[in-house]
Amino acid sequence: MDGPARLRVHLDEAAIRDNIQTVRRLITPATTVMGVVKANAYGHGLVLTARLLTRHGVQQLAVATTGEACALRDAGLQVPITVLSPPPSAVMVELAARGLRPSLSTLAAARDLHRAGVRLGRPVPVHLEIDTGLGRFGWAPTASSIAQITHLATLDHLVVSGIYTHLSSEHPDSCADQLRLFTWMYTKAAAALGYRPPRHVLASSGLAAGLHRRTRLEMVRPGALLYGLTPSYSRTASMLCLRPVLSLTSHIEHLTCVPSGTPIGYGATYRTTAPTVVAVVPAGFADGVPRQLAGSGRVLICGHYASVIGCVGMTHLTIDVTHIPQVVVGEAVILIGAHGERAIDAQEWARLAKTINSDVLTRIAPTISRTVTTLPHAERELPV
Ligand SMILES: *Cc1c(COP(=O)(O)O)cnc(C)c1O
C-alpha cells in the first residue's frame, strides 16, 4: 500500500454494547434478540459487526441474502442466521447444508427446501413469513395460506424455528390490525404444525414505541437501534439515548492558499470571497459521500467544523480550513463522528441528502477498511 488509506470506518464497541443494553431495557429478559445485519450491517461491515453483536449478547442474526449468510458462516459465526428474502431454488442445498434459516412464503419453496433436507438426511430449520400489510413477501392471512401451511407441516424434513411478520408502521391503529392478523395466522399455523415456534414481529420502531410490553413475543428483530440510528418512521426513538457506532474519517491530502475570487470545483459553483486555505480530502461520492454536502455540508478538523466548498467530486472533497490554525497535510478529517462535544452524524448527512440515515450509511463503499475500537477486556478474551 502506498501511504495511508484514503478513508477509514471505525466502529465503537462500547456504543454497540450500550445500544444492545438499550434494546434489552425495552424487552423482557427471556426475549431473544435477532440482530439484523443485512446490507453490510447497514454499511458498518458485515462480519465485524456480527462479531461485536454476538459478543455482547445478540443471540441470532438476520440478513437479506444467502450470500451474506454464507459470508458469516465462512467467517466462523455459528449462531442461528435467518435469511429474510425468499430463497431462489438454486441455493436450497447450500442453505440446508450450512444450517441457515430461510424465510418461506410459498409452498413451492418449502417443497424445494424439503427435498434438499431429504438429500442431506437432516431437517432444515425455516421461518415462515406472514404478510400482514407490508405487501412484499409472506403468506397472506387467508384460508388458502392456512391450507398450504397445513401441507408444509407434513414435510418431515422441515422444522419451523420461527413465524414472523414485519410491521409497516408503528402507528397504533395499523399495527394493531397487523398484530391481529398475525395472531390469527399464528394460531392456525401452530395448530397445523402441532408445536408453537417462536414468534417475532418487532423491529426498531416498534421496539422504540414500547410495543414489546403489549406483544411480549419470544423474539425481536432490531437493526437500526443496534447501530445507534433513529429508525426512519419512529417518533419515539429520539428519547432512547442511542449511541452512534460508526465513524468515517479521512485526512488532508493537499493544501492550497488561493486569493479572493477563486472558483473552486466543477462548474465553478463556489467562488472564494477572501483569501482562503483550501484542503483537499480524498473522499468523494464514489466512496459514499453524498453530493448534497456541497454548499452546506461540513467536516471536523482539529476539533473545528469546516465547510465543504465547491462540488463533491467522485473521489475528492474541498474544504475551507482558513480558520483552523496550523493545519497541515495529513491532518485527520472526521466526516461522520465526534470530536469532544462536536459531532456530525448520519442524520445530518441524511437531512442534507433528503433521505434517511440508513440510506446514507449503506452507501459507504464496502471496500473501505473497517476497524474497531475494542473494549480493553473484550480484546483479550475474544479477538475480532
Ligand atoms: C430490515 C428489517 C428489520 C430491521 O429493521 P430496523 O428498522 O432497522 O430495526 C427487521 N425485519 C425485517 C424483515 C427487515 O427487513
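The values are calculated or read from the model by the stated rules, or taken from the named source; none is laboratory data. Remember, it's a predicted structure, so these values are computed and weren't measured experimentally. Heads up, the Cβs are rebuilt from the backbone with ideal geometry, glycines too, and the neighbour counts pull from every protein chain shown.
When the residues of segment 131-162 are filtered to those that are within 16 Å of the ligand (Cβ to nearest atom) and in a loop (DSSP other than H, G, I, E, B), the one that is surrounded by the fewest Cβ atoms within 10 Å (Cβ to Cβ) is Gly135. On the phi < 0 side of the Ramachandran plot, in contact with a Gly (Cβ under 6 Å, 6 or more places away or on another chain) and among the hydroxyl-bearing types (Ser, Thr, Tyr) - does that describe any residue in segment 91-104? The answer is no, given that none of the residues of segment 91-104 is on the phi < 0 side of the Ramachandran plot, in contact with a Gly (Cβ under 6 Å, 6 or more places away or on another chain) and among the hydroxyl-bearing types (Ser, Thr, Tyr).
The condition of being part of a loop (DSSP other than H, G, I, E, B), of a type in the set (Gly, Ala, Ser) and surrounded by 19 or more Cβ atoms within 10 Å (Cβ to Cβ) holds for only one of Ala283, Ala274, Ala279, that being Ala283. Number of residues in segment 229-250 that are more than 14 Å from the ligand (Cβ to nearest atom) and part of a helix (DSSP H, G or I) equals 2. Restricted to segment 209-228, and to residues that are more than 9 Å from the ligand (Cβ to nearest atom) and assigned to a helix (DSSP H, G or I), which residue is nearest to Gly45 (Cα to Cα)? Once the filter is applied, the top-ranked residue is His212. Checked against the criterion of being modelled with pLDDT of 95 or more and more than 16 Å from the ligand (Cβ to nearest atom), the candidates Thr183, Thr165 yield just one match: Thr183.
In segment 1-10, the residue that is farthest from Val63 (Cα to Cα) out of those that are at pLDDT 95 or above and more than 16 Å from the chain's Cα centre (by Cα) is Arg6.
Need pairs with beta-carbon distance below 9 Å; first residue under 19 Å from Ser234 (Cβ atoms) and assigned to a helix (DSSP H, G or I) and within segment 341-358, second away from the ligand (no atom under 15 Å from the Cβ) and among the aromatic types (Phe, Trp, Tyr); sequence gap 6+ or separate chains. Short answer, once both residue conditions are applied: Asn357/Trp349. Taking first residues from segment 54-74 that are over 20 Å from Val33 (Cβ atoms) and partners that are within 15 Å of the ligand (Cβ to nearest atom), the Cβ contacts under 8 Å between residues at least 6 apart in sequence or on separate chains come to Thr65/Lys38; Thr65/Val83; Thr65/Ser85; Thr66/Val83; Thr66/Pro87; Thr66/Pro102; Ala71/Leu46.
For Val79, are the conditions met, namely being under 16 Å from Ser161 (Cα atoms), surrounded by fewer than 22 Cβ atoms within 10 Å (Cβ to Cβ) and out of contact with any Pro (no Cβ under 9 Å at 6 or more places or on another chain)? Taking the combined requirement at face value, the residue satisfies it.
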